[in-house]
Amino acid sequence: MDDKPNKTSEELLREIEEMGDAHIMSSIATPLREDAFDLSDVEKIELIQGYFEKIMHTLGLDLTDDSLQGTPKRVAKLYVNELFKGLNEKHKPSMSTFENKYQYKEMLVEKDITVYSNCEHHFLPIVGKAHVAYIPNGKVIGLSKINRIVDYFSRRPQVQERLALQILNELKSALNTEHVAVFIDAEHMCVSSRGVSDQSSSTVTVEYSGKFKEENTRNEFLAYINNKLK
């Protein structure tokens with residue numbers, strides 16, 4: 001039997017607030033319920049539309065106004081079909097790989113991949129760039145697939161540390177190689193538009209595996225993304 005006292009509502013609110021400010025993630029996998037996809041996208045859009053109507057009504061907005069009356073439906077479709085479509089594995093890009101017939105054994109770097117995600121603590125945008133590299137083992141992958149994998153994991157409520165890990169682990173698995181690096185530099189609107197309201201800072205998260213943990217390989221990768229190699 002658990003003898004620990006139940007936390008008061010004030011204690012729970014304080015913990016939630018502290019976690020939000022610290023941008024803590026609870027797991028590498030995105031936290032999803034087992035019944036996350038029991039509802040169809042159409043059903044989800046209908047429900048979210050109703051919820052958002054209530055939010056707008058609570059804020060005091062006039063939903064009969066020509067400019068506002070379509071907003072709940074637009075927001076619902078945006079959430080399900082665009083911003084958070086990466087929650088559903090049906091949108092996961094196919095990871096077709098090819099035999100490395102030309103025996104390319106050097107580093108491959110895909111730079112400046114657009115990251116557009118949303119902070120899971122405040123549902124505000126995370127916008128920046130990802131730089132991804134791998135050293136082939138027996139397989140290579142089409143360049144656009146790297147961009148699509150970054151976008152897929154970005155399109156869900158996220159923590160930047162988790163995003164970097166999810167991209168790294170997916171590429172390691174698809175390419176059957178340990179030699180992968182992921183570097184993300186992004187601005188968080190939850191920092192720039194609320195709280196401290198710092199509009200000049202950005203957040204960098206980096207994950208290395210395999211040979212990228214070695215100083216020489218890591219430095220080569222960083223030199224490429226910083227345009228310091230000729």
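Nothing in this text is a laboratory measurement; each read-out follows from the coordinates by a stated rule. Since this is a predicted model, take the numbers as computed values, not measurements. Neighbour counts are summed over all protein chains in view; Cβ atoms, including those assigned to glycine, are modelled from backbone coordinates with ideal geometry.
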_Place a point 7 Å from the Cα of Thr97 along the Cα-to-Cβ direction; which residues of the range 166-188 have their backbone N under 18 Å from it?_
166-182
_Using only DSSP helix segments of four residues or longer, with each worth -39500 (n - 2.57), what per-residue ellipticity at 222 nm results for the chain after dividing by its residue count and rounding to 500?_
-11000 deg cm²/dmol
*Please express the Cα-Cα pair-distance distribution P(r) of the range 36-78 as a list of whole percents, one per 10 Å bin, running from 0 to the bin with the greatest distance.*
30, 49, 17, 3
*Calculate, in whole percent, how much of the Cα-Cα pair population of the range 89-204 lies beyond 24 Å.*
29
*Which far-off residues, 5 or more places away or on another chain, put their amide H under 5 Å from the one on Glu187, with H placed in the peptide plane?*
Val127, Gly128, Thr203
*Along Cα→Cβ, 7 Å out, is where each label goes; now give me the distance between the ones at Ser173 and Phe123 in nm to one decimal.*
2.8
*What percent does the relative contact order of the range 73-230 come to when contacts are Cα pairs within less than 8 Å and at least six residues apart?*
23
*asked:* Just to check I understand the Karplus step: with θ = phi - 60° and J = 6.51 cos²θ - 1.76 cosθ + 1.60, what whole-Hz values come out for the range 126-132, glycine and proline as x?
replied: 10, 10, x, 10, 10, 10, 10
*asked:* If I take all pairs of Cα atoms in the chain, what percentage of them are more than 32 Å from each other?
replied: 32
